Amino acid sequence: MTVTYPRKFQDNLGARDILKRVVGDRELHLITLNRYRYNEQRSCKDLTEVIEKLNGQPRELIKDLSHHIADEARHAMWLTDLLIDLGADIGTPPGISYIDEFEKLIDQSSYDEAGTLEDGIIAPLAAINVTEKRGCEYFSAHIYALKQAPQTEENIKIRETIEKILPEEAGHVRWGNRWLGKIADKSPEHRQKVEQAKRKYAAIEQAAYESGMDITLGAELRRVTRLVEVANTMPIWERPQYLMERLPQALLAPELQFTRIQAAQKAWQRNPQEFMEKFVPMFINGIKKSEIETEKH
């Protein structure tokens with residue numbers, strides 16, 4: 001069975017590149033930790049909805065999902081305690097929500113369709129699996145960045161918290177792989193359905209990931225490009241409706257405009273000179289790996 005891995009941001013920046021920048025800026029670092037907290041907390045609700053739709057079957061999957069919820073709730077608790085200890089905000093994080101963007105891109109009619117029991121669980125399993133892989137990538141990169149950073153009491157405390165979370169997130173990926181593999185092994189038709197779902201949700205996850213990070217010039221058109229990539233994983237007859245429902249939102253993107261204004265205001269308030277020298281060129285040209293590496297030397 002095909003193995004899918006998270007792709008870089010705009011095929012340019014990997015998680016290690018991004019987290020190196022994050023760890024060096026305390027305000028950004030705390031916002032990132034709060035995003036982790038928010039995502040872990042929110043996933044408890046989303047996983048509960050999956051359990052309710054499955055209505056008790058298959059029993060072993062319900063058991064795995066229940067344990068998954070318990071893990072996510074514990075992670076949210078650890079991160080909440082950490083943020084409170086650090087005197088940081090634990091409200092809804094600013095900016096565009098990765099989870100909200102992911103849910104906007106899901107084709108709910110196919111995600112919720114009944115069909116056979118396998119049809120009802122392949123889509124949520126593929127969706128959970130791809131987002132957990134992104135989480136593992138980020139937690140691993142975060143630990144690496146913290147090990148390279150000054151070993152302050154705060155950085156050590158943050159690293160120890162993430163080091164508790166990562167093994168359980170890796171376990172979530174493993175049980176997802178196991179379930180998808182188990183279904184795929186039933187027949188060539190099952191394998192085809194699993195592979196199609198993995199391609200589809202990998203494209204959705206990449207689009208959501210980039211939408212949550214990209215506020216630079218031309219982001220709207222890049223959103224459309226990712227939207228087309230998602231549509232291309234679907235049967236031809238489903239593509240027109242999927243695109244027509246989401247194209248206006250991708251092109252107009254009011255939450256993107258709001259986030260741009262917020263980011264510009266905050267950058268200006270922090271340092272007007274840096275705003276002109278770094279924020280404006282970044283907004284026009286995009287974020288490049290070479291610029292992050294230059295900044296750190």
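The values are calculated or read from the model by the stated rules, or taken from the named source; none is laboratory data. Bear in mind that the values here come from a model prediction, so they are computed numbers and not experimental data. Using ideal geometry, Cβ is built from the backbone for each residue, glycine included, and neighbour counts are taken over all protein chains shown. Keep in mind that these areas ignore ligands, DNA and RNA; they rest on the heavy atoms of the full protein, side chains included. Shrake-Rupley method; radii C 1.70, N 1.55, O 1.52, S 1.80 Å.
For this structure, a couple of remarks:
- Close Cβ contacts (under 7 Å, 6 or more residues apart or on different chains) running from residues in the stretch 93-106 that are within 15 Å of residue 43 (Cα to Cα) and open to solvent by 40 Å² or more (accessible area, probe 1.4 Å) to residues that are part of a loop (DSSP other than H, G, I, E, B) and not aromatic (Phe, Trp, Tyr) comprise 98/212.
- Test: residue 43 is out of contact with any helix residue (DSSP H, G or I) (no Cβ under 7 Å at 6 or more places or on another chain) and surrounded by 18 or more Cβ atoms within 10 Å (Cβ to Cβ): no
- Criterion: of a type outside the set (Asp, Glu), modelled with pLDDT under 90 and either surrounded by fewer than 18 Cβ atoms within 10 Å (Cβ to Cβ) or in a helix (DSSP H, G or I) (or both) - qualifying residue of 287, 292, 215, 204: 292
- Residue 120 under 26 Å from residue 244 (Cα atoms) and touching a Gly at 6+ places or on another chain (Cβ under 8 Å): no
- When each of 82, 13 is tested for being modelled with pLDDT under 95 and buried (at least 16 other Cβ atoms within 10 Å of the Cβ), the lone residue that passes is 13.
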